[in-house]
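Have a look at the structure below before the remarks.
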Amino acid sequence: MPLRLDVKRKLSVRSDRVKCVDIHPNEPWILVTLYNGHAHIYNHDTQQLIKTFEICDVPVRAGKFVVRKNWAVTASDDMLVRVYNYNTLERIHQFEAHSDYIRSVVVHPTQSYILTSSDDMTIKLWDWDAKWALKQTFEGHIHYVMQIAINPKDNNTFASASLDRTVKVWQLGSTQPNFTLEGHEKGVNCVDYYSGGDKPYLVSGGDDRLVKIWDYQNKTCVQTLEGHSQNVGCVSFHPELPIVLSGSEDGTVKLWHSNTYRLESTLNYGLERCWAISCLKGSNNVALGYDEGTMMIKLGREEPAMSMDASTGKIVWAKHCEIQQVNLKQLTTDQPLKDGEKVPLNVKEMGSCEIYPQTLSHSPNGRFVVVCGDGEYIIYTAITLRNKSYGSAMEFVWSQDSSEYAIRDGNMVKIFKNFKEKKTFKPESGAEGIHGGSLLGVRSYSGLTFYDWDTLSLVRRIEIVPKTIYWSQNGELVCIATEESFYILRYSAEAVAAAASNKDLVSEDGIEDAFDALSEIAEVVKTGIWVGDCFIYTNSLNRINYYVGGEIVTISHLDRVMYLLGYVSNENRLYLGDKEMAIVSFELSLSVLEYQTAVMRKDFATADQVLPTIPKEQRTRVAHFLEKQGYRQQALSVTMDNEHKFDLALQLGNLPICYELALEMENEQKWLQLSDVATKRGDLNLVKECLTRAQSFGSLILLASASSDKQLMSTIGDHSRKNGQFNIAFLSSFTLGNLEQCLDILIENQRIPEAAFFCRTYLPSQTGRIVGLWRDKLKSMNMERAAQSLANPTDYENLFPGLVDAYKTEQFLQQTTKPRLARDYQTITPNWERHPMDDMKQAEDNEQFSYNPVQLNKHTRENDDDDDEEQFADADSVPKQPIITTTQAKPSPIVPPVKTNKPTSEPSTTSKLVPPVLASTASSSDRSRSQSPMNTATPSPPLKKPTPPPAVPPTKASSSAVPKATTTTTAKAAPTPMSDLEKELEEFDIDLDKDDDLQFDDDDVDEFLKDT
């Protein structure tokens, strides 16, 4: 078969003329040296230019990576060799190496040497460990030395190509060449060694447009390759593929088969003359340098020629033309295998193959191995590698029966039985590929066609273009993998047998019931195998997954591209290999796969027998599989994970198991989940316990209120208060009508202002005590003036209209409020429609209620400093009017109270503190203040009260004195701008135009603003 040289372009960049290219072995980099004196490093994965060296103004004809030193070495037409650190771009060293243009540089693979060749007809050896000392000069060519190459099999020898039409082979330490190869008619431009161990070959290309293959042991020309129309400027043996590459000034790169010397392909990218080729061992990448840029291509397929016989544990692979074998059964049991680690193996040489193997596969019974390549196939015995059969073929596939196989030769398909040709046919839609298994699959451009191996009758035509087809061992399941996804189908042999006797069941596209589509999965399958009804595969994301019953389970993530080889059931291990023939393994329990297979076949008797053999650590995975198949009850009994078991019991409504697991896990979320299910079931006792254990007091309040559970509500309040959830505690106490406890909660949390307003609304009798606490708190915060501005209703009842009625209503409600039954809810007047004060008055008028006066202590605090008496006059005392004359410099001081917060119970009254009537000059002289002109100018009478207490009425003279004094003083007072106090009072909603009695001096204003 011809080589599968799929050519993929990985990098294409335009630039000035490229003179040399080199590939970094560890990084995705290409070093490119240019005719314009620069050097570039490209990342061929990202297509980006990542580093640039501006070396000189003349052509840089050579450049190489020195990986072990992180160097890039360049040589140019100024006769200098320069060394750069390619990470820092720092120039490490430079020196003059030759007396003419330097054509080539090579790096010794093990020693600290580089070799340079030049137009001065010499080759020189330099040692960087000896400070770049010149170790040896090789002379013998009589023209320019164009290129040198070190022998990969003997690092002490190297070859040189010269325009003197010769190729010379040299030995390090010797001044004379070992021998000279002559045969080119014109100058030789390039040379390279074959890296394989089977042939002592080197290749050269010259201006005679020829490529010559030399045997350097026999010193003879083995083959001459003709085909280029211009000078050949670069040649290379590919280190991995049986390919010789040659680049020419005709703009083409030709790929020649290194065994048959047949021209396999010609590449022309339109970049003019090709000057450089670079290959890398262990990779299929090839870098090409042209007049107009650089190309990176990938040749062939990365998948190695490797096969495994799972029954015997033997793995066979091909390295170039050498066949090697390893036996997994010979592994020592001293050190157990670890997942993902390389398996230590003893490699056995089986022999050499006459063709270059591109594919290699065992027969189903493991007795034979077939090798395909170079348009041929050879069947060997697996044990001794003895040739059993051979022939020409482009493809080879095995049937499920090891004695039967098929080959494709062009559009013809041939069937063989016991190594003898049985049938030949040409498919109607053509044959682009064939696939083996229970049925013979033929791929064409239009789709896939399945044929019966024995009769070659059409079974089914499917409009899918597959990449690979995998059949299960029993032939019932098949995976069809395409470029974008894969399909799982079930094959019905019974339907095919029925159609054989009833032609009406056969249509133009075959037997419709032959296949049932089970699943389509949008994943790219790289390699795959069947184990029972489980399909194990590697995908494009380098993961090992397996598919069973619609479920995909990830076995492991891989750090590189790996290829599935097989599964050894008695070891419970899955084996994979990479392109370097490194073998790794992963544990995969056979009992798990057998159990899942039995479940998929609905063979529950077998599943129950297999279940005890499944390791405990694998049972949760099995339970997840059962759950996805809809067998939740079985999954509940299998799983070992309490979280999963709880979820399954919850789905099944098995509350006792849920309760036991919740007790064991003590997880708040589990209790809440269980309470939800118990609520739907109406099990309120379980709901109560779940919410209590979860400490979900908010939900418990809802439950307690809905079920009229007073004891539960009280318990919620106590527990939430202990746990610091005071909002819940307050709500609980409030719902129970325990107002005193609500007040205590507010005080406990230092919410004294809220407590004061709460008292004013619900517990007026406690207002005096709370105001005292409020004032104490303000004083402890150094807000003395703000504390003095608070009026205590115990001392100044006149400032709180309707306070006595509030006391009465509080007592009235305490006597009349009784628990009600829930069934009376619709007959009870809603709170927002009730008028408790009116109800109290009506009950009082009807003699159904008598008020028991509350004994309130005016001095609510032990250290009362009589601030209340100093700040507020008794409203019941007879007011004494001061004598005001027009010649008086300052009127008698008036001491008003400062405004407090707006009361909430009496919307009809003003929000400002109502000052008492004016005190006498004599009685207030010891606590008088200096007043500002504005406050002194316009004293006004007291504000009108809704229901003033009885008092001695003022005389006419005293009542008329105030307006006269006001008129007289106002005329003399000058208007002043708004002070800071006025702005502050505006923030407290105090209107100076209405509240003329408020008088402060400037010092008090400063102190007040400072405090507040």
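The separation of region 404-444 from region 492-548, counted between C-alpha centres, amounts to 20 Å.
What is the extension gain from Arg751 to Asp509, computed as 0.36 nm multiplied by their sequence separation minus the C-alpha to C-alpha distance, in nm to one decimal? It would help to have the intermediate numbers written out before the result.
Working: separation 242, 0.36 × 242 = 87.12 nm, distance 8.49 nm.
Taking Arg751 through Asp509 to full extension adds about 78.6 nm, to one decimal.
Per-residue 3J(HN,Hα) values for region 25-39, derived from phi via the Karplus relation 6.51 cos²θ - 1.76 cosθ + 1.60 with θ = phi - 60°, read x, 10, 9, x, 10, 10, 8, 10, 9, 10, 5, 7, x, 10, 9 Hz in sequence order (x marks Gly and Pro).
Give, rounded to the nearest 20 debye, the magnitude of the charge dipole that region 750-817 has about its Cα centre when Lys and Arg contribute +1 at Cβ and Asp and Glu contribute -1 at Cβ. Before the final figure, lay out each step's value.
Working: 8 positive and 7 negative charges, 46 e Å.
About 220 debye.
Ordering 239-247, 579-587 by mean Cβ neighbour count within 10 Å, with the highest value first, yields 239-247, 579-587. How large is the accessible surface per residue of region 1-88, computed with a 1.4 Å probe and reported in Å² as a whole number? About 42 Å² of surface per residue is accessible.
From the P(r) of region 591-640, can you give the percent of Cα pairs sitting at distances over 18 Å? Percent of Cα pairs beyond 18 Å in region 591-640: 13. Over 30 Å between Cα atoms: which of Lys64/Lys314; Lys628/Lys670; Lys329/Lys602; Lys131/Lys153; Lys298/Lys319 fall into that group? Violating the 30 Å Cα-Cα cut-off are Lys64/Lys314; Lys329/Lys602.
With the whole protein complex present, Tyr659 retains an accessible surface near 60 Å², based on a 1.4 Å probe. 3J(HN,Hα) couplings calculated from phi for region 661-675 with the Karplus curve 6.51 cos²θ - 1.76 cosθ + 1.60 (θ = phi - 60°) are, in sequence order, 5, 5, 4, 6, 8, 6, 10, 4, 5, 5, 4, 5, 4, 5, 5 Hz; Gly and Pro show x. Treating r as the C-beta distance of Asn570 and Val465 and R0 as 35 Å, the FRET efficiency rounds to 0.35. Of interest is the spacing of the C-alpha centroids, which for region 732-766 and region 825-856 amounts to 21 Å. In region 498-560, a dipole from Cβ-located charges (positive for Lys and Arg, negative for Asp and Glu) runs towards its positive end, and of Gly549, Trp530, Ile511 it is Trp530 whose Cα lies farthest in that direction. Under a 5 Å amide H to amide H cut-off, with H placed in plane at 1.01 Å, what residues pair with Met121 once short-range neighbours are removed? Sorted by chain and number, the residues that satisfy this are Val145.
Fully extended, how many nm does the chain gain between Val58 and Phe95 (0.36 nm per residue separation, minus their Cα-Cα distance)?
Numbers: separation 37, 0.36 × 37 = 13.32 nm, distance 1.59 nm.
Extra length available between Val58 and Phe95 comes to 11.7 nm.
Using 0.36 nm per residue and subtracting the Cα-Cα separation, the extra length available between Lys779 and Glu292 on full extension is 166.4 nm.
Each principal axis of the Cα cloud of region 40-109 was evaluated for its coordinate range; sorted largest first, these ranges are 40, 27, 20 Å.
Evaluated with a Cβ-only charge set (Lys, Arg +1; Asp, Glu -1), region 565-656 carries a dipole of roughly 260 debye about its Cα centre, given to the nearest 20.
From the P(r) of region 72-135, could you give the percentage of C-alpha pairs in the tail past 17 Å? Each step should come with its number before you reach the end.
Values: 729 of 2016 pairs.
Here the tail beyond 17 Å accounts for 36 percent of pairs.
Would you please classify the overall shape of region 684-745 from the alpha carbon gyration tensor, given that a ≥ b ≥ c denote the square roots of the eigenvalues, rounded means a/c under 1.5, and beyond that prolate means a/b larger than b/c while oblate covers the rest? Verdict is oblate for region 684-745. In units of the rule-of-thumb radius 2.2 N^0.38 Å, region 750-817 shows an alpha carbon radius of gyration of 1.20.
Dipole magnitude for region 467-588: about 540 debye, using +1 per Lys or Arg Cβ and -1 per Asp or Glu Cβ, origin at the Cα centre.
Modelled label positions at Arg68 and Gln223, each set 7 Å beyond Cα in the direction of Cβ, lie 3.4 nm from each other. Among the protein heavy atoms, those of Ile407 account for about 10 Å² of accessible surface (1.4 Å probe, every chain in place). Computed from label points 7 Å out along Cα-Cβ, the spacing between Lys51 and Asp127 is 2.7 nm.
Report the FRET efficiency, 1/(1 + (r/R0)^6), for Asp6 and Asn642, where r is their Cβ-Cβ distance and R0 is 51 Å, rounded to 0.05. Could you put the intermediate results ahead of the total?
Values: r = 52 Å, r/R0 = 1.03.
Taking R0 as 51 Å, the efficiency between Asp6 and Asn642 is 0.45.
Diffusion coefficient (Stokes-Einstein, Kirkwood radius over C-alpha pairs, 20 °C, 1.002 mPa s) for region 722-858: 127 µm²/s, rounded to a whole number.
At the residue level, His719 shows approximately 80 square angstrom of accessible surface with a 1.4 angstrom probe and all protein chains present. Just so you know, the averaged projected area of the alpha carbon convex hull for region 467-588 sits at 8.7 nm².
Sorting Ser195, Ser485 on solvent-accessible area from highest to lowest, probe radius 1.4 Å, gives Ser195, Ser485. Per-atom-type breakdown for region 467-588 gives carbon and sulfur 44% of the accessible area (1.4 Å probe, protein chains only).
The values are calculated or read from the model by the stated rules, or taken from the named source; none is laboratory data. Just so it is clear, the model here is predicted, and its values are computed rather than measured. Because the Cβ atoms are built from the backbone with ideal geometry, glycine has one as well, and the counts that use them run over all protein chains shown. Surface areas here come from the heavy atoms of the whole protein model, side chains and all, with no ligands, DNA or RNA. Shrake-Rupley method; radii C 1.70, N 1.55, O 1.52, S 1.80 Å.
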